[in-house]
């Protein structure tokens, strides 16, 4: 070690304390009992990354200067501008779970189109249509529509993983 360098304090890694299973279950609960397919895939194939994403995701699931609904609408516009078709439904679904109306989701997409061009809407149309159909079904029936990735807080996300799967700790 060079004379000018000081020793760094070594702290524990969150991945050593939290399993990917617990991290994704908590995120699913905090997103209105919804786990996006990509997140379930990450949990299965890269557990350490799932734990890291949980920590990063806190900024989106907790109210701060911006409420979590507004943050998800911003995230929706961002993923639309990134042309991530598979990301549209999860962001719009969670925004709706947080109370966003169809009109608010459409307005967020208007911002995305202004900043990213009309192809943004083309990429988003399938995911938006699915969320809007679910929102209409929920309004008519008075209960949550069945949707991919549903689970219950604290329980297994049955649509995403087998119920008998043992909990795995992230590799050290």
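Every number in this text was worked out from the coordinates using simple rules, so none of it is lab data. The structure presented is a predicted model; accordingly, all values stated were derived computationally and were not measured. Cβ sites come from the backbone with ideal geometry, for glycine too, and all protein chains shown count toward neighbours.
So which residues in segment 64-74 are more than 15 Å from the chain's Cα centre (by Cα) and within 10 Å of residue 98 (Cβ to Cβ)?
Here is the first cut: in segment 64-74, the ones more than 15 Å from the chain's Cα centre (by Cα) are 64-67.
Across segment 64-74, the qualifying residue is only 67.
So if I check each of 80, 96, 108, which one is closer than 20 Å to residue 33 by Cβ and either over 16 Å from the mean Cα position of the chain (by Cα) or surrounded by 15 or more Cβ atoms within 10 Å (Cβ to Cβ) (or both)? First the steps, then the outcome.
Numbers: 80 fails: closer than 20 Å to residue 33 by Cβ; 108 fails: closer than 20 Å to residue 33 by Cβ.
Going through 80, 96, 108 in turn, the sole match is 96.
Which residues, counting only those in segment 70-86, are out of contact with any helix residue (DSSP H, G or I) (no Cβ under 6 Å at 6 or more places or on another chain) and assigned to a helix (DSSP H, G or I)?
We begin by selecting, within segment 70-86, every residue out of contact with any helix residue (DSSP H, G or I) (no Cβ under 6 Å at 6 or more places or on another chain); these are 70, 74, 78, 82, 84, 86.
Of everything in segment 70-86, those that are out of contact with any helix residue (DSSP H, G or I) (no Cβ under 6 Å at 6 or more places or on another chain) and assigned to a helix (DSSP H, G or I) turn out to be 70, 74, 78, 86.
Being crowded, with 17+ Cβ neighbours inside 10 Å, in contact (Cβ under 8 Å) with a residue 24 or more places away in the chain and more than 16 Å from the chain's Cα centre (by Cα) is true for just one of 61, 24, 18, 35. Which residue is that?
Working: 61 fails: more than 16 Å from the chain's Cα centre (by Cα); 24 fails: more than 16 Å from the chain's Cα centre (by Cα); 35 fails: more than 16 Å from the chain's Cα centre (by Cα).
Unique residue meeting the criteria: 18.
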